[in-house]
Amino acid sequence: MMRNIYKEKGFTLTEIVVSISLFLVIILMVSSIYSMVQKAYNQGSNEAELLQNARVTLDRMSRELRQSVKIVTDLPVSEVDPLNLPVDSIQFQDGHDLGQITYIRYYLDGTSLKRSHIGYYFNSDPATYVYWNSVDVGGGPPVEAIINTNVVGEYFDDLNFWGSAGLINISISLQKNQKKFTVNTSVFTRN
């Protein structure tokens, strides 16, 4: 009976250590591959979000600038003139509703790109909007009324406008985590 106990086959300590070591190596390889795939996915997701923000923003700004009645902001002609740098906001007369004189302003507020819908009026008649550069009978300027303000895009790092003769150049920079890129476009206004 004693002979049968010692003759039973089993795993030796060396075999167990080798199999556990192989198992650990496989687990480490799988986890490092998973980590690399997750990092690539996150980078791709950040890049896609920035591209989507840039596309939506430029589509909206371009459409509204093409329909604008008049650009109010004085824009420099060139991007590279050190004495007349590009401006970081733009205001123009809204061309959607010609029955009412209102303006649209795009500007950065921190990392958010905002769009304000603005009207100007005189205290004597607050229900009637006038041109931004109008003067009342006493020579006074109109009062600015912000009708509404919306966030158009996030993760903006920089915004610049310049141009002349109906051509407006737009440069936007976006950044999320360590991913940053710049997009430039040009828009012709209708007037």
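FYI, it's all coordinate maths here, none of it is from the lab. Computed from a prediction, not measured in an experiment: that's the story for all the values here. Because the Cβ atoms are built from the backbone with ideal geometry, glycine has one as well, and the counts that use them run over all protein chains shown.
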With the crude spin-label approximation of a point 7 Å out along Cα→Cβ, what separation in nm comes out for residue 135 versus residue 88?
3.2 nm
So if I place +1 on the C-beta of Lys and Arg and -1 on the C-beta of Asp and Glu, and nothing else carries charge, what would the dipole magnitude of the chain be about its Cα centre? I want it in debye, nearest 20.
1160 debye
What is the gain in length, in nm to one decimal, between residue 111 and residue 190 on full extension, counting 0.36 nm per residue of separation less the C-alpha to C-alpha distance?
25.4 nm
What's the angle, to the nearest 10 degrees (0 to 90), between helix 13-67's Cα axis and the longest principal axis of the chain?
10 degrees
Within the stretch 64-79, whose backbone N sits under 16 Å from a point 7 Å along Cα→Cβ of residue 171?
75-79
Once the dipole of the chain is set up with Lys and Arg at +1 and Asp and Glu at -1 on Cβ about the Cα centre, which of 145, 78, 29 lies farthest towards its positive end?
29
Across the chain, how many lysine pairs separated by 8 or more positions, or lying on different chains, have Cα atoms within less than 18 Å?
4
Check which residues have an amide H placed less than 5 Å from residue 130's amide H, if you skip close sequence neighbours.
120, 121
Gaussian network model of the chain, springs between alpha carbon atoms under 10 Å - residue of 168, 27, 16 with greatest fluctuation
16
Value of [θ]222 nm, deg cm²/dmol, for the chain, DSSP H segments ≥ 4, -39500 (n - 2.57) each, nearest 500
-11500 deg cm²/dmol
How much net charge surrounds residue 69 when only other residues with a Cβ under 15 Å from its Cβ are counted (Lys, Arg +1; Asp, Glu -1)?
+2
With each pseudo-label sitting 7 Å past Cα toward Cβ, what's the residue 124-residue 143 distance in nm, one decimal?
1.5 nm
Pick from 69, 80, 25 the residue whose mean-square fluctuation is largest in a GNM of the chain, springs joining Cα atoms under 10 Å.
25
Going fewest to most other Cβ atoms within 10 Å around each Cβ, 61, 29 line up as 29, 61
List the extent of the Cα atoms of the stretch 87-184 along each of their three principal axes, largest first, rounded to whole Å.
54, 29, 24
